[in-house]
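A short worksheet on the structure shown next.
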Amino acid sequence: MKSDVLGFCFGVRRAVEMIENELKDNGPLCTLGAIVHNTHVVSSLSDEGGQLVHSLDEVPENGAVAITAHGAGEEIYKEIKRRNLRLIDTTCPIVRRAQETAATMVKDGFFVLLYGEKDHPEVKGILSWTRGKGEATMSSDVAVPSEARRIAVISQTTKKRELFAEFAQQITGQYASKLEEIRIIDTTCPETGRRYQAARELAHAVEALFVVGSHSSANTRKLAETCSETKIPTYHIDSAYEVKGKWLTGVSRAGVTAGASTPDYIINEVVSRLEGLT
Ligand code: SF4
C-alpha cells in the first residue's frame with residue numbers, strides 16, 4: 001500500500017521541472033547546492049548538464065545559476081547580480097513567504113526568533129533577510145538581545161507544526177512580561193504535516209513500513225522517525241536495491257511512504273520489488 005501523500009512535494013517538483021525545462025531550452029547551468037537531497041536526482045540532472053556547485057566562484061563567467069527550493073540569502077542575490085549571472089530562482093513559494101515575513105517583521109521593528117536548525121540552508125537563507133536582527137534556535141532557552149522590545153517568532157518551513165506551537169508557547173511564557181509585544185507567525189509548510197499524518201494512518205493498515213529517500217535527506221529521516229514512533233517495523237531505504245527479503249517474513253501488508261525529495265520512479269521501483277517479494 002502506498003501512503004496518500006508521498007514523494008516530491010509541490011515545491012521540489014516545481015524546482016526540478018524548472019531546472020529540466022531550463023536545461024532543455026537554454027543548455028547547461030550550475031545549481032547552488034543540491035536541487036533536491038536525493039543522489040539519484042542530482043546525478044541525473046548532472047548528466048543533463050546541471051552541475052552542482054557550492055560557491056558562486058565555481059560558476060563560469062556569464063553563466064547561469066539556479067537557487068534551490070530552499071531559497072538563499074539576500075547577499076547571494078546581490079552577488080549574482082554583481083557577477084552578471086543568469087538567475088534561475090526555484091525558491092519554493094512557501095519558503096519565500098517565510099523570508100518575506102522575516103524581512104517585514106524586521107522592517108516593523110521586531111527581532112526575529114526563527115525556530116529551526118542553524119546549519120540548514122533554508123534557515124541560513126531566511127535569517128539573512130533579517131539583516132542581523134534575527135536568530136535561529138531549536139531551544140526556547142534563548143537570550144533575546146536586551147535592546148529588543150518586540151519579537152516575532154517564526155519557523156523553518158519543514159518543522160512539525162505542533163513542535164513550533166510548543167516552542168512559541170515556551171517563548172511567550174518566558175518573555176511575555178518583559179517585552180512590549182510577541183508576534184507568532186506560523187510559517188510551517190502544510191505539506192510536511194500532511195505527509196506525517198498520512199504515514200501515521202498508513203501504519204494502522206500494515207505490518208511493515210518502508211520509507212524511501214536518501215539517507216542524507218533530513219526530511220526523509222524525520223519521516224522515518226515519525227513512522228518508527230508508531231511501533232510498526234520501519235525501514236528507511238534509499239532504493240529498491242536496499243530491500244531485504246527477510247524483512248517481509250510473515251508480513252502480508254507492507255506500506256510505502258517517501259520523503260519530499262524522492263522521485264516517483266524510485267518509489268515505483270520499491271513498490272514493484274515489494275510486490276515481487278510478497
Ligand atoms: S516541503 Fe514545503 S516548503 Fe519545503 S519545498 Fe516542499 S512545499 Fe516548499
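What follows is calculated from the coordinates using simple rules that are stated; it is not laboratory data. All values reported here derive from a predicted model rather than from experimental measurement. Positions of Cβ are generated from backbone atoms using ideal geometry, with glycine treated the same way; all protein chains shown enter the neighbour counts.
Assorted remarks:
- Cβ-Cβ distance of residue 46 and residue 218, R₀ of 22 Å, FRET efficiency by 1/(1 + (r/R0)^6): the value works out to about 0.55.
- Span-like helix ranges in the chain, DSSP H, alpha carbon extent 18 angstrom or more, Kyte mean at least 0.0: 264-277
- Each Lys or Arg adds one and each Asp or Glu subtracts one; over the other residues with Cβ under 13 Å from the Cβ of residue 242, this totals +1.
- Extending 7 Å from Cα along the Cβ direction at residue 108 and again at residue 143 yields two label points whose distance is 2.8 nm.
- Per-residue Cβ neighbour rank within 10 angstrom, fewest leading, 129, 247: 247, 129
- Tensor-based shape of region 191-277 (alpha-carbon gyration tensor, a/c under 1.5 rounded, otherwise prolate or oblate): oblate
- Length released on extending from residue 253 to residue 54, taking residue separation times 0.36 nm less the Cα-Cα span: 67.4 nm
- Separation of alpha-carbon centers, region 155-230 and region 7-53, rounded to whole Å: 26
- Segment residue 120-residue 169, length gained on full extension (0.36 nm per residue, minus Cα span): 15.3 nm
- Each other residue within a Cβ distance under 15 Å of residue 25 adds +1 if Lys or Arg and -1 if Asp or Glu, for a net charge of -2.
- Net charge dipole size for region 205-278 [Lys, Arg +1 and Asp, Glu -1 on Cβ; Debye, nearest 20]: 180
- A Förster distance of 45 Å, applied to the separation of the beta-carbon atoms of residue 21 and residue 178, puts the FRET efficiency at 0.30.
- The chain - mean residue ellipticity at 222 nm from DSSP helices (-39,500 (n - 2.57) per run, n ≥ 4, rounded to 500): -12500 deg cm²/dmol
- Rounded to the nearest 20 debye, the dipole magnitude of the chain is 540 debye, with +1 charges on Lys and Arg beta carbons, -1 on Asp and Glu beta carbons, and the Cα centre as origin.
- Volume in Å³ per residue [convex hull over Cα atoms, computed for region 94-188]: 80
- D (Stokes-Einstein, µm²/s), Kirkwood Cα radius, the chain, 1.002 mPa s at 20 °C: 106
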